[in-house]
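Participant: This is the structure I have questions about; it appears just below.
Just so it is clear, none of the values below were taken in a lab; they were calculated from the coordinates. Note that the structure is predicted; figures quoted are calculated from it, not measured. All Cβ positions, even for glycine, are placed from backbone atoms using ideal geometry, and neighbour counts span all protein chains on display.
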Amino acid sequence: MGMKKSKTNDMVTVNRRARYDYALGDEIVVGMVLTGLEVRSIRDHHVQLRGSFVTVRNGELWLNNLTLGAETARNIKLLATRKQIVALERERVAGSTIVPVRILGGARYIKLVIAVGKGKKKYDKRETIKKRDIERGRY
C-alpha cells in the first residue's frame, strides 16, 4: 500500500522582501489559474516572488511579474470571491499595495497568500533591521 499525501499546505516559496519593504495587514489565501508546466515548475520550487505585485483589472485579481523557472516574468489570474476583491480594491484606493507573501503547494491546489501592505520609509526599514539584530543577540 502506498503512503497518502498529507492535506496540509506546504510552503513552496516566501517573499521575504515583502515583510522588509511593507507593513503588512490581513492575509488572504487565493487560488491561481496555471497550466500544467507552471504547476510542475512551482512544485519543483522553480519560482520567484521577488518583484511581483498584485493588481485589480476589470474586477479580477492579477499577479504580475511572477518568475517561473527559466521562463520570463508573466501575469497570472488569481481566484478570489467578489467580496474579497472589493475589499482589496477599497484598501488599494486608500494608498496601500497588494503584495504576494508566499505560495502554498503541498495539497492538491496551489494557493497564493496575499496581504495588503503600506510601504515603509527608510527609517522604518532601519528599525526593522535593528529589531531583528537585537532578537538575534547581536547587540
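Participant: Below 28 Å Cα-Cα, how many Lys pairs turn up in segment 11-136? Only count pairs eight or more apart in sequence, or on different chains, if you could.
Facilitator: 15
Participant: Using only helices, what value at 222 nm comes out for the chain when you add -39,500 (n - 2.57) per DSSP H run of length 4 or more and divide by the total residues, to the nearest 500 deg cm²/dmol? Before the final figure, lay out each step's value.
Facilitator: Working: 4 runs with 41 residues, N = 139.
Rounded to the nearest 500, the figure is -8500 deg cm²/dmol.
Participant: Could you give the length gained by full extension between Asn75 and Val93, i.e. 0.36 nm per residue of separation minus their alpha carbon distance, to one decimal place? All intermediate terms of the calculation are to be shown ahead of the outcome.
Facilitator: On the way: separation 18, 0.36 × 18 = 6.48 nm, distance 2.15 nm.
Gain on stretching Asn75 to Val93: 4.3 nm.
Participant: If packing is taken as the average count of other Cβ atoms within 10 Å, what order do 102-114, 46-58 fall into, highest mean first?
Facilitator: With the highest mean Cβ count within 10 Å placed first, the list reads 102-114, 46-58.
Participant: I've got another one for you. Are there any GluC sites (Glu not before Pro) in segment 54-118 that are in a DSSP loop and have at most 14 other Cβ atoms within 10 Å? List them by number.
Facilitator: Values: sites: Glu60, Glu71, Glu89, Glu91; in loops: Glu71.
Counting only loop positions with at most 14 other Cβ atoms within 10 Å, the GluC sites (Glu not before Pro) in segment 54-118 are Glu71.
Participant: Can you find, among Gly95, Thr81, Leu68, the residue sitting farthest towards the positive end of the charge dipole of the chain, where Lys and Arg contribute +1 and Asp and Glu -1 at Cβ?
Facilitator: Value: Gly95.
Participant: Using modelled backbone amide H atoms (1.01 Å from N, in-plane), which distant-in-sequence or interchain residues come within less than 5 Å of Val101's amide H?
Facilitator: Val113, Ile114, Ala115
Participant: According to a simple spin-label model (label point 7 Å from Cα along Cα-to-Cβ), what is the distance in nm between Asp124 and Gln48?
Facilitator: Once both label points are built, they end up 2.6 nm from each other.
Participant: Okay, moving on. Counting Lys and Arg as +1 and Asp and Glu as -1, each charge on the Cβ, what is the dipole of segment 20-139 about the Cα centre in debye, to the nearest 20? Don't skip to the end; give the middle numbers.
Facilitator: Working: 24 positive and 13 negative charges, 66 e Å.
In debye, rounded to 20, segment 20-139 gives about 320.
Participant: I've got another one for you. At q = 0.11, 0.15, 0.16, 0.19 Å⁻¹, work out log10 I(q)/I(0) for the chain with the Debye formula, treating every Cα as an identical point scatterer and leaving solvent out; two decimals please.
Facilitator: Computed log10 I(q)/I(0) values: -0.46, -0.80, -0.88, -1.12.
Participant: Please sort 32-39, 126-133 by packing, taking for each peptide the average over its residues of neighbouring beta carbons within 10 angstrom, highest first.
Facilitator: Listed from highest to lowest mean packing, they are 32-39, 126-133.
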